[in-house]
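See below for the structure under consideration.
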Amino acid sequence: MRIPLSLPLKTASDVLCRSIALLFSCACLSHLWADSPPTEIRLGFGPHRDMVVERIDDGVMSVTLQPGHPHFWTTVVPKTYDPKRHSVLAFEYFVPSGLQSVVLRYRVADGSMAVASSAHAGVAESWQPMAFDLSRLEVQPASDHPEMRFHFVLNGIDGTKVQLRNLRVRQPNAEEIRLAADGDRVRQMRREEADAIVADMQFDYPCRVDSVIIGPRTITLKGRCDRAARVIGIEPHHRSFDAPRADAELQIESQPQSGFSVEVARFQGEVDRTTWRWRLADVNGNWISRASWPTGYEPSIARKLKPLTSTNVKGIGGVPRIDRDDHPIFELGVSHATVNVVIHALIRTTPAAGWDAWQFEGVTYFINTPQLKSLDSTLRHLARNEIIVSAILLVGNGRDPSGKPHNLLTHPEAEVRGIYSIPNLTQQESTRYYRAALTLMADRWSREDGSHGRISNWIMHNEVDQAGTWTNMGEQPLVRYLETYSRSARLMHHISRLHDPHSRVFISLTHHWTKQSSGTGTYVVRDMLQRFAEMARAEGDFPWGVAYHPYPLDLRNPDTWNDTGLTNDFDTPYITPKNIEVLPAFLNQPTFHYDGKVRGILLSEQGFNSPTLSEFDQSRQAAGLVYMFRKLRNLNHIEAYHLHRYQDMPDAEGGLRLGVITETGERKIAWDVYQAIGTAKETEFNEMVERVIQQTSKKND
């Protein structure tokens, strides 16, 4: 899911941007910097996009947000800037209607932009200060870079007017130093909890729970223990390492040879305990086993659904609403599709016009019946055309003018800069709400009669190695973040398996591999996979898969055969179409197998850009597709390639044209090529593909 928030300065709008930058600098910068004290450096306004900028008077700029992704750069930061001393970026703002957030990015040594932080900008009916602490950036700003700039993204309603003044970098004041110390304490607490999670996961406990089998009315636990033990049920909003252990379900006696087998009630009142973990503690309340999630289900409780198979790996993303079987999308011959599901758009906790009451475990929720029926239509038509559907589950991160999240599902530690949040699994109420949403979807889209269509693959959130943008939980150590993420994945797995015995969940990752993106809220993909697999094994492995996004190294350049700096081993910084073989080879290691087999691999979002709509650029996009599918023919472990996307959306995706039809519906060369891939007609394009690869290889040498 690619929505670039900034563009290189060398774009088609450069002339306008540079003209505006020159106007700003000439009009108001010369006197701002003339007498700046050594403790601060004044900054000016530079190139911008998707906003109208007007100078009101000296030093005050009025900005009107336009559709798209409003953002602006500062002018180049002067050489007197010292990142170690000037560790606060500050300004004042006036916005009577408020903004959702302001996201600060900065230039790093390789010339790219990294996210520094974000802040909520609520209703400001007078001038209000805003400051960003730059003292703890993982990668320092490139103070000696000739294009060192700061970059601001303003997230708000189209037409919102914002006034800005006194933009500067400076030394921190006494209050900021004190607040930074509070932040240090929070970070230390999170690190300590991450260490505790690892210690609990790796400790060699004397007892174990080997299996947890879900039946119609009971849950059967089997295991081994050489001492008296108490059986503890862990609710899904608790973490395993620090879960309450005062209330025991029952007590078992020492049975070191034969092992134990006990039953507990599946239902506690109206609450279904299918998604609970089970753990053993001694008489003093000390853990003596690891926690165990359900490991199996009695055949009588599962629906009689058949596993889905496909005739090819071709897939499509960005699927529009489909309300007829002769929709043009079916002409492409795809066997796979992805749909985005924003959870809070389907279910809410309070009444609203057009939303119907729906019961879950004795609690009344409200469901968006028209939206559900719209999805039903698309899913039914996809099913009729034997297309396997994977749903990408997203949790909103919207805020009201006071900064409070719009819905209970938003994680309390999520930053406002995140487009989406990780689910709020910190409270019983919010976790029940999340389970209700997952149950609604799993039940509706796993019916034996197919009345609403079928979803068999559940992609848990989006690009979680880029959590700061797509699945935000604030600044977290990897393990603490993954603990919450793994519970979200487990909940979907166990809920969906109650309805579809063949359903699977997938972890969503970008084309980064050992290369970590700059800024906070990013992680190394290889590390995430290794740690996620370890967590799964520790509490009872399950058949999770990988939903990878191997875009070309540069999303704007479709000539992936020219990607540089890659290797064909497990230490490569990126995995792109050029070295896609690395991913299935890595997952074919025994430590990643499930039931002796390689885990499911979906290439769930990737594609090739046509920089323009010229015939040559469209041919480059089409050649990328053929290049990729030539590789996929020898990679049997990859189940699907979901092309992102069906239709170009350059305005929403930073100018990228990744579709097979234009925004006005005209078919591109990529349409004909993608339709032909896997058929006898594919050879008709071989000459074009070879010519394009040869021409671009020479061009880029």
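We did not get these values from a lab; they are worked out from the coordinates using the rules stated. Since the model is a prediction, treat every value here as computed from it, not as a measurement. When we count neighbours, we look across all protein chains shown, and the Cβ atoms used for this are built from the backbone with ideal geometry, even at glycine.
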Beyond 24 Å between alpha-carbons counts as too far, so tell me which of 306/597; 84/404; 306/578; 515/668 fall in that bin.
84/404; 306/578; 515/668
Provide the per-residue ³J(HN,Hα) series for region 493-504, in order, calculated from phi with Karplus coefficients 6.51, -1.76, 1.60 and θ = phi - 60°, each as a whole number of Hz, with x at glycine and proline positions.
4, 6, 5, 5, 5, 5, 10, 10, x, 10, 5, 9
Positive-end residue of 565, 381, 457, charge dipole of region 314-700 with Cβ unit charges
457
What do you get for the angle between helix 525-538 and the principal long axis of the chain? Use alpha-carbon atoms, 0 to 90 degrees, nearest ten.
20 degrees
Antiparallel DSSP bridges in region 458-593: what percent, to the nearest 5?
10 percent
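Restricting to Cα pairs below 8 Å that are 6+ residues apart, what does the relative contact order work out to for the chain? Please round to a whole percent. Spell out each step's value before the answer.
Values: 1520 pairs, mean separation 74.0, N = 701.
Taking the mean separation of contacting Cα pairs over the length of the chain, I get 11 percent.
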Which value, in Å to one decimal place, does the Kirkwood hydrodynamic radius take for region 483-543 when every pair of different Cα atoms is included?
13.0 Å
Using a 10 angstrom Cβ neighbour count of at most 16 plus a DSSP loop assignment to flag exposed GluC sites (Glu not before Pro), which longest range of the chain is free of such sites?
1-137
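With a cut-off of 8 Å between alpha carbons and a minimum separation of six or more residues, what is the relative contact order of region 516-591 in percent? Kindly include the intermediate steps, with their values, before the conclusion.
Numbers: 47 pairs, mean separation 13.9, N = 76.
After rounding, I find 18 percent.
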Share, in percent, of DSSP beta bridges within the chain that are antiparallel, nearest 5
70 percent
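Ranked by Cβ crowding within 10 angstrom, fewest neighbours first, how are 679, 410, 160 ordered? Before the final figure, lay out the partial values.
Details: 679 11, 410 24, 160 20.
Placing the least packed residue first, the sequence is 679, 160, 410.
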Label-point separation, residue 593 to residue 695 (7 Å along Cα→Cβ), nm:
4.8 nm
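What FRET efficiency comes out for the pair residue 79/residue 161, r = Cβ-Cβ distance, R0 = 41 Å, nearest 0.05? Intermediate results must be reported in sequence, preceding the final value.
On the way: r = 34 Å, r/R0 = 0.83.
Rounded to the nearest 0.05, the efficiency is 0.75.
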What dipole magnitude, in Debye to the nearest 20, does the chain give about its Cα centre under +1 on Lys/Arg Cβ and -1 on Asp/Glu Cβ?
540 debye
Within region 269-418, percent of DSSP bridges classed antiparallel, to nearest 5:
55 percent
Summed residue charge, Cβ within 13 Å of residue 321's Cβ, Lys/Arg positive, Asp/Glu negative:
+1
Calculate for the chain the 222 nm mean residue ellipticity that helices alone would give, adding -39,500 (n - 2.57) per DSSP H run of length 4 or more and normalising by residue count, nearest 500 deg cm²/dmol.
-7500 deg cm²/dmol
Kindly write out, for region 70-79 in residue order, the coupling ³J(HN,Hα) from the Karplus curve 6.51 cos²θ - 1.76 cosθ + 1.60 (θ = phi - 60°), rounded to whole Hz, with x marking Gly and Pro.
x, 7, 8, 9, 7, 5, 4, 6, x, 5
Added length on full extension, which subtracts the Cα-Cα distance from 0.36 nm per residue, residue 637 to residue 171
162.3 nm
Going by Cα centres, region 587-655 and region 83-154 are how many Å apart?
34 Å
How about region 116-204: which trypsin sites (Lys or Arg not before Pro) there are in a DSSP loop, with at most 14 other Cβ atoms within 10 Å of their Cβ?
136
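Only loop residues by DSSP count here, and only those with at most 15 other Cβ atoms within 10 Å; note down the trypsin sites (Lys or Arg not before Pro) in region 562-657 that meet that.
On the way: sites: 578, 597, 599, 620, 630, 631, 633, 645, 657; in loops: 599, 633, 645, 657.
Hits after loop and neighbour filter: 633.
Send over the per residue convex hull volume for the chain, Cα only, as a whole number of Å³. Before the final figure, lay out the partial values.
On the way: hull volume 118.6 nm³, N = 701.
So the per-residue Cα hull volume is 169 Å³.
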Relative to the chain, whose Cα atoms define the longest principal axis, helix 174-202 and its Cα axis are tilted in degrees, nearest 10, by 30 degrees
Modelling each spin label as a point 7 Å along the Cα-to-Cβ direction, I'd like the residue 406/residue 374 distance in nm, to one decimal.
1.3 nm
Summed residue charge, Cβ within 9 Å of residue 545's Cβ, Lys/Arg positive, Asp/Glu negative
+1
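Quick one: compute the contact order of region 314-700, relative version, from alpha carbon pairs under 8 angstrom and 6+ residues apart, as a percent. Kindly include the intermediate steps, with their values, before the conclusion.
Values: 764 pairs, mean separation 53.1, N = 387.
Result for region 314-700 is 14 percent.
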Alpha-carbon centroids, region 206-250 and region 555-573: separation in whole Å:
47 Å
Ranked from fewest to most other Cβ atoms within 10 Å of their own Cβ, 458, 544 fall in the order 544, 458
Please work out the C-alpha center-to-center distance from region 300-319 to region 479-533 and express it in whole Å.
21 Å
Of 514, 535, 142, which is farthest along the charge dipole of the chain in the positive direction, counting Lys and Arg as +1 and Asp and Glu as -1 at C-beta?
535
Estimated FRET transfer efficiency when R0 is 45 angstrom, pair residue 342-residue 228 (beta carbons, to 0.05):
0.40
Any residue on another chain or 5+ positions along whose placed amide H is under 5 Å from the amide H of residue 347 is listed here as 368
Under a crude label model (7 Å from the Cα following the beta-carbon direction), how far is residue 40 from residue 185 in nanometres?
2.8 nm
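Would you order 177, 301, 638 from fewest to most other beta-carbon atoms within 10 Å of each residue's own beta-carbon?
On the way: 177 13, 301 16, 638 23.
Sorted ascending by nearby Cβ count, the order is 177, 301, 638.
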Leaving out same-chain residues fewer than 8 places away, which aspartates and glutamates sit with a Cα under 19 Å from that of residue 161?
50, 54, 57, 58, 92, 125, 400
Could you name the aspartates and glutamates in cross-link range of residue 681, using Cα to Cα under 13 Å and dropping any fewer than eight places away on the same chain?
672
For region 306-320, 3J(HN,Hα) per residue [Karplus equation, 6.51 cos²θ - 1.76 cosθ + 1.60, θ = phi - 60°, Hz, x = Gly/Pro]
8, x, 9, 10, 10, 8, 7, 9, 5, x, 9, x, x, 5, x
